[in-house]
Structures are given as C-alpha cells and as structure tokens.
Amino acid sequence: MQVITDILRSRNGQLGAEFMDAQSVPLYLSNSDLVFSNEFERPRFGQGAFHVCLRAMWHELTHGARLDHTRFGKPFGVQYEYATRVLSELARNVGGGKAQRVYAVGDNPAADIAGANAAGWTSVLVRTGVFKGTNDAKHPAAIVVDHVGEAVERIIDVESQYAE
C-alpha cells in the first residue's frame with residue numbers, strides 16, 4: 001500500500017521524486033471481487049478488498065481527492081463484449097449463424113452474475129463458493145443451482161426445449 005501510494009503521488013510516478021498534490025500516473029486495477037472462495041470454510045478477501053483500502057487511503061492522504069482508476073475484469077463490460085464477439089465468430093464459422101444464447105456460470109453475484117446480466121447473457125448462480133442462498137436480491141440470476149454439474153444439466157434441459 002505504501003509503495004503504490006508513493007508512486008501515485010510522486011512526480012512522473014518515480015519513487016523518490018517530489019510528491020505532487022495530485023495523482024501523477026494512471027492506475028489500472030483488475031478483479032474487483034471483494035471476496036472469493038477457496039478451500040477455507042469462509043470467503044476470503046479478494047483484490048476488490050485491496051481496491052477499497054487503496055481508495056480509502058488515497059482519500060485520506062489527499063484530503064478527499066478522488067483516485068482516478070480504470071478497472072478490468074468482471075463485472076465490467078469489456079470482457080463480455082470481447083467474449084460475445086469471439087463466440088459470435090465461432091458460431092458463424094461452425095454453424096453459419098450467430099450465438100443465440102450465452103450462459104455464464106459463477107458463484108459471485110456482484111461479479112459473475114452482475115456482469116452476465118448486464119451483457120444480456122443467461123446467468124447461472126452456483127452455491128459452490130461465495131454464494132450460499134436462494135438467489136441474490138441485488139444481482140438475481142436466471143438460474144440458481146447447487147453445483148456446476150447441475151448447472152450444465154439445467155442448461156442442457158433449457159436448450160433441448162429450444163431444439164424441439
């Protein structure tokens with residue numbers, strides 16, 4: 001945290017240079033997940049927690065200045081736009097048409113489901129990681145299942161109805 005704030009405040013982003021009254025270099029952040037799931041029984045802090053702390057630290061150090069930054073990763077649109085282009089190209093090359101439906105399976109409503117919903121994809125929320133409830137109120141999924149295998153089964157069921 002110290003080194004990053006020093007770089008952001010230093011003239012031309014060079015450590016050891018004089019501090020500026022404003023941010024001197026652009027900041028790019030990835031993966032805004034506040035929490036993630038792993039083998040530990042409770043969700044752990046993700047890179048999004050670092051983003052929150054960095055923005056709070058910057059706010060205090062600069063007496064309220066906004067930290068200018070660009071974020072990449074879910075739920076931001078650039079990833080979904082790229083994936084949609086690639087999937088559409090694959091569909092044209094294989095089947096001569098465009099992808100009719102895209103399903104996104106994830107365990108984090110704030111990242112996986114929010115991004116899928118914003119992209120117009122069919123969101124599938126699994127209870128295998130961060131999420132354990134029935135559905136998320138803020139970012140509700142189209143389908144909620146217990147595990148990825150069940151997600152695949154539900155998607156096949158839905159798609160078979162379209163094929164009939």
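The values are calculated or read from the model by the stated rules, or taken from the named source; none is laboratory data. The model shown is predicted, which means the values in this text are computed figures rather than measured ones. Here Cβ is always computed from backbone atoms with ideal geometry, including for glycine, and neighbour counts include all displayed protein chains. Ligands, DNA and RNA are stripped out before the accessible areas are found, and what is left, the full protein with its side chains, is counted by its heavy atoms. Shrake-Rupley method; radii C 1.70, N 1.55, O 1.52, S 1.80 Å.
Skipping prolines and chain starts, which residues have an amide H placed within reach, meaning under 5 Å, of the one on Leu29, given they are 5 or more residues away or on another chain?
Long-range HN contacts for Leu29: Thr70, Arg71, Phe72.
Dipole size in debye (nearest 20) for the chain around its Cα centre, Lys and Arg Cβ +1, Asp and Glu Cβ -1?
Working: 16 positive and 19 negative charges, 75 e Å.
Result for the chain is approximately 360 debye, rounded to the nearest 20.
From the protein chains alone at 1.4 Å, what is the descending order of accessible area for Glu41, Glu150, Glu81, largest first?
If we order Glu41, Glu150, Glu81 from most to least accessible, we get Glu41, Glu81, Glu150.
Carbon and sulfur together cover what percent of the accessible area of the chain at a 1.4 Å probe radius? Each step should come with its number before you reach the end.
Values: 5670 of 10440 Å².
Of the solvent-accessible surface of the chain, carbon and sulfur hold 54 percent.
In a shell of Cβ-Cβ distance under 14 Å around Glu60, excluding Glu60 itself, what net charge do Lys and Arg (+1) and Asp and Glu (-1) give?
On the way: positive: Arg9, Arg55, Arg66; negative: none.
Neighbour charge sum, excluding Glu60 itself: +3.
Let me know the volume per residue of the alpha-carbon convex hull for the stretch 75-143, in Å³. Present the calculation step by step, with values, prior to reporting the outcome.
On the way: hull volume 5.5 nm³, N = 69.
Taking only Cα atoms, the stretch 75-143 has a hull volume of 79 Å³ per residue.
In the stretch 31-70, whose amide N lies under 13 Å from the spot 7 Å out along Cα-to-Cβ of Gln79? List them in ranges.
It comes to 31-36, 47-48, nothing else.
Looking at the chain as a GNM with Cα springs under 10 Å, which of Ser32, Ser123, Ser88 has the largest mean-square fluctuation?
Answer for the Gaussian network model of the chain: Ser88.
Mean Kyte-Doolittle of at least 0.0 plus a Cα span of 18 Å or more along the axis: flag which DSSP H helices in the chain meet both, please. Walk me through the intermediate numbers first.
Details: long enough: 47-61 (21 Å, 0.23); 77-95 (26 Å, -0.22); 148-163 (22 Å, 0.04).
Helices meeting the span and hydropathy rule in the chain are 47-61, 148-163.
Given the Cα-Cα distance of Asn135 and Val25 and 0.36 nm per residue of separation, how much length would full extension add, in nm?
Working: separation 110, 0.36 × 110 = 39.60 nm, distance 4.04 nm.
Contour length minus Cα-Cα distance gives 35.6 nm.
Dipole of the stretch 1-135 (Lys/Arg Cβ +1, Asp/Glu Cβ -1, origin at the Cα centre): which of Val25, Val3, Gln47 lies farthest to the positive side?
Of Val25, Val3, Gln47, it is Gln47.
Measuring with a 1.4 Å probe in the full set of protein chains, what accessible area per residue, in whole Å², belongs to the chain?
Details: 10440 Å² over 164 residues.
Counting only protein heavy atoms, the per-residue value for the chain is 64 Å².
Using only the alpha carbons, work out the radius of gyration and Dmax of the stretch 1-80 in angstrom.
According to the Cα coordinates of the stretch 1-80, Rg and Dmax are 14.7, 46 Å.
Report, as a whole number in µm² per second, the diffusion coefficient that Stokes-Einstein gives for the chain at 25 °C and 0.890 mPa s using the Kirkwood radius over alpha carbon pairs.
Details: Rh = 18.4 Å.
Translational D for this selection: 133 µm²/s.
Cβ neighbours within 10 Å, averaged per peptide: list 8-14, 90-96, 103-109 in order, most packed at the top.
Details: 8-14: 15.7, 90-96: 10.3, 103-109: 21.7.
Sorting 8-14, 90-96, 103-109 by mean packing, highest first, produces 103-109, 8-14, 90-96.
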